[in-house]
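**Student:** Quick one: structure below, then a few questions.
Read-outs: derived from the displayed coordinates by stated rules, not from any lab. Quick caveat: nothing in here was measured; it's all calculated off a predicted structure. Please note: Cβ atoms are built from the backbone with ideal geometry, for glycine as well, and neighbour counts cover all protein chains shown.
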Amino acid sequence: MPLPLFCTEVKRCDMKEINDELTYKIIGCAMKVHNILGNGFQEVIYQRCLAIELEKQNILFLREQEMPIYYDDRAVGTRRADFIVENTVLIELKAVIKLEDVHLAQGLNYLQAYKIEKGLLINFGAPGLEIKRLFRKYKHAPNNRIHSNSDHP
């Protein structure tokens, strides 16, 4: 059964359950980069390689798109998402041994700031590629649990 577009609880899913052509292609590009390079490089190296793979697939993206962060209607700084793909998927890359809750929080905050519904948190630093699908949460929702699920153990 295909995954719903928006998950309301932490779930595990299998690659064949992804029912979203664009994120499926992005994950395929990330897998190719990880298969060729493995782990151990700096994040910027993976970012450049992923950009090459996305271009090969004719996937439109913006890289390092700066976004102002507001507090009480005042600009307090800026952040840059690694990729915004076809204005619908935000990608945040990491090159760390293990993803932590802080990385997940960062990705979810970026979804809110950029007003994008879904994203991918991709970690190239582990021996196996780690991918978490992220879904924008809404403040009016009664369920405030983290909206993500892991594509790979």
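**Student:** Tabulate in residue order the Karplus-calculated ³J(HN,Hα) for region 108-120, using 6.51 cos²θ - 1.76 cosθ + 1.60 with θ = phi - 60°, rounded to whole Hz; enter x for Gly and Pro.
**Tutor:** Those phi angles translate into 5, 5, 5, 4, 5, 5, 8, 6, 10, 6, 9, x, 10 Hz.
**Student:** Test of understanding: ordering H34, H103 by Cβ neighbours within 10 Å, fewest first, what list do you get?
**Tutor:** H103, H34
**Student:** Can you put I91, I116, I69 in order, fewest other beta carbons within 10 Å first?
**Tutor:** I69, I116, I91
**Student:** Per the Kirkwood treatment, what hydrodynamic radius in Å, one decimal, follows for region 18-150 from the mean inverse distance over all distinct Cα pairs?
**Tutor:** The Cα-based Kirkwood calculation yields 15.2 Å.
**Student:** As a footprinting exposure proxy, order I131, I36, I122 by other Cβ within 10 Å, with the fewest listed first.
**Tutor:** I36, I131, I122
**Student:** How high is the FRET efficiency from I45 to D73, r the C-beta distance, R0 41 Å, rounded to 0.05?
**Tutor:** Given R0 = 41 Å and the Cβ-Cβ separation, E is 0.60.
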